[in-house]
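The values are calculated or read from the model by the stated rules, or taken from the named source; none is laboratory data. As the structure is a prediction and not an experimental result, all values here were calculated from the model. So basically every Cβ, Gly included, is an ideal-geometry build from the backbone, and we count neighbours across all protein chains shown. Accessible surface areas use protein heavy atoms only, side chains included; no ligands, DNA or RNA. Shrake-Rupley method; radii C 1.70, N 1.55, O 1.52, S 1.80 Å.
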Amino acid sequence: MKELFVELSDKRYPIYIEKGLFGRLGKEISAIHKGKKIAAVTDENLALIYGEALIKSLTGSGFEARLIVIKAGEQSKCIEQYLRLCDELMDFGITRSDLIVAFGGGVTGDLTGFAASTLLRGIKYVQVPTSLLAQVDSSVGGKVAIDHPRGKNLLGSFYHPQAVFIDPELLKTLEKRFFSDGLAEVIKYACISSRDLFERLSESDSSQSLINEMEDIIYTCCRIKSEIVKRDERDTGDRMLLNFGHTIGHAIETYHGYEKFSHGEAVAAGMHMMTLKTEEEGLTQKGTSERISKLLNKYSLPLNAAAADKSELLGSIALDKKSDGDELNIVVLSEIGNAFLKKIKKEDILRYL
Ligand SMILES: NC(=O)c1ccc[n+]([C@@H]2O[C@H](COP(=O)([O-])OP(=O)(O)OC[C@H]3O[C@@H](n4cnc5c(N)ncnc54)[C@H](O)[C@@H]3O)[C@@H](O)[C@H]2O)c1
């Protein structure tokens, strides 16, 4: 089993990565949690495939466990679903000495983590990410949130799990579209911090052959993320580098009402659109956007999201959490594997759209 730790000023928690880990989840959790009740939150798709085995594994290890099922999809990261989830947790009689398991993709993780951070002023939780995006990104680092009609993730907090359990085997049931969606985040890590990972992704023939290398790839991404989070837990400096492609990406998602583009697709377009322009401006090594576009094409990710009204896109960016008054921090690649932050005037983002 691969293991690494997220080291924070006042907390340290493990990330375990192993094929087949799901099969003994209850046992692994019993090693870190001594309470009685566990509420396992998942979405309807995952409940069908894994719900029974999940509850069996928890009860088999002596816990009183209840499965709470939410609708699948970004729409569940809303205030109404948050209130319903809190209701169900209270119906179960959850207390601060119990535990919540977030079993699912980024939607389940973000919503469940946000409920865990606020209900009773905080209930312990663990992340069991099941989508690639959640395994390499959203389950690590403690950002939890729901959406506001005015923008994504506007209601949220920093609330770290007790542990993260990652089983790459679970990816076998993930739809291809969501797999390449998660690959956008993997490509992001490669772009900002690992030329080696970029080469590895470029050399691989297809998503299918990458599957066999997933344990290693997930480990590399989680290592990069945990190192960055250690340097900047609260997202005021280096952690913003993880937002490469996200400023434009979030605006694209908001503009299209979260329907047309998935998160990863919007981020992919954002990375490429940004790099095309920063290369023109001489900030990025020549040829970088071409290399990114080849990689995105290979994994069926979009290169842009034109056909959008630029001033409306700008409106979405105004609410971006990386905004700083009239200024905005954008992430620029100097070359593959190295990135830096650049402050620009908000309206200047139009140049990159
Ligand atoms: N908190 C963070 O740091 C952070 C970082 C990046 C993204 N996010 C958030 O993550 C969300 C997107 O996450 P996502 O792409 O995982 O979306 P998701 O949770 O909606 O999962 C995508 C789809 O895949 C299905 N699925 C997940 N795992 C599966 C599996 N193993 N087998 C079969 N089906 C499976 C789900 O049911 C869903 O239909 C966005 O809301 C985004 O804002 C958060």
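Between 256, 246, 272, which gets the highest mean-square fluctuation from a Gaussian network model of the chain, Cα cutoff 10 Å?
256
Would you work out the Kirkwood radius for region 180-245? I mean one over the mean of 1/r across all pairs of different Cα atoms, in Å. Mind showing how you got there, number by number?
Details: mean 1/r = 0.0807 Å⁻¹.
Every distinct Cα pair counted, the radius reaches 12.4 Å.
Equivalent ellipsoid semi-axes for region 185-352, as square roots of 5 times the alpha carbon gyration tensor eigenvalues: give them largest first, rounded to whole Å.
Ellipsoid semi-axes (Å, largest first): 25, 18, 15.
In a Gaussian network model over the chain where Cα atoms closer than 10 Å are linked, find which of 173, 236, 288 has the largest mean-square fluctuation.
236
Nearest 0.05, what FRET efficiency do residue 83 and residue 158 give at R0 = 25 Å with Cβ-Cβ as r?
0.70
Please list log₁₀ I(q)/I(0) at q = 0.14, 0.15 Å⁻¹ for region 25-117, using the Debye equation with identical point scatterers on the alpha-carbon positions.
Scattering profile of region 25-117, log10 relative to I(0): -0.45, -0.52.
For the chain, what is the calculated [θ] at 222 nm in deg cm²/dmol (nearest 500), taking -39500 (n - 2.57) for each run of four or more DSSP H residues and dividing by its residue count? Provide the component values of the computation, followed by the final result.
On the way: 12 runs with 147 residues, N = 353.
About -13000 deg cm²/dmol.
Could you work out the local net charge near residue 66, counting Lys and Arg as +1, Asp and Glu as -1, over the other residues with Cβ closer than 15 Å to its Cβ?
Around residue 66, the surrounding residues sum to -2.
How much of the accessible area of region 185-352, probe 1.4 Å, is carbon plus sulfur, in whole percent?
46 percent
What pairs in 143/230; 37/124; 310/345; 260/345; 37/71; 143/172 have C-alpha atoms more than 18 Å from each other?
On the way: 143/230 13 Å; 37/124 11 Å; 310/345 16 Å; 260/345 28 Å; 37/71 23 Å; 143/172 26 Å.
Beyond 18 Å: 260/345; 37/71; 143/172.
What's the ranking of 93-101, 214-222 by average number of surrounding C-beta atoms within 10 Å, highest first?
Per-residue Cβ counts within 10 Å, averaged per peptide and sorted highest first, yield 214-222, 93-101.
With no solvent and one point per C-alpha, what does the Debye sum give as log10 I(q)/I(0) for region 2-173 at q = 0.10, 0.17, 0.19 Å⁻¹?
-0.32, -1.00, -1.29
Taking 20 °C and 1.002 mPa s as the conditions, I'd like the Stokes-Einstein D for the chain in µm²/s, using the Kirkwood hydrodynamic radius from alpha carbon pairs. Numbers along the way, then the final one.
Numbers: Rh = 20.4 Å.
Answer from the Stokes-Einstein relation: 105 µm²/s.
Computing the accessible area with a 1.4 Å probe over protein heavy atoms, can you report the carbon and sulfur percentage for region 2-173?
Of all accessible area on region 2-173, carbon and sulfur atoms account for 50 percent.
Which residue fluctuates most in the GNM of the chain (Cα springs below 10 Å): 71, 342, 225?
In this elastic network of the chain, the residue with the biggest mean-square fluctuation among 71, 342, 225 is 342.
For the chain, with only Lys/Arg (+1) and Asp/Glu (-1) charged at the beta-carbon, what is the dipole magnitude about the Cα centre, in debye rounded to 20?
640 debye
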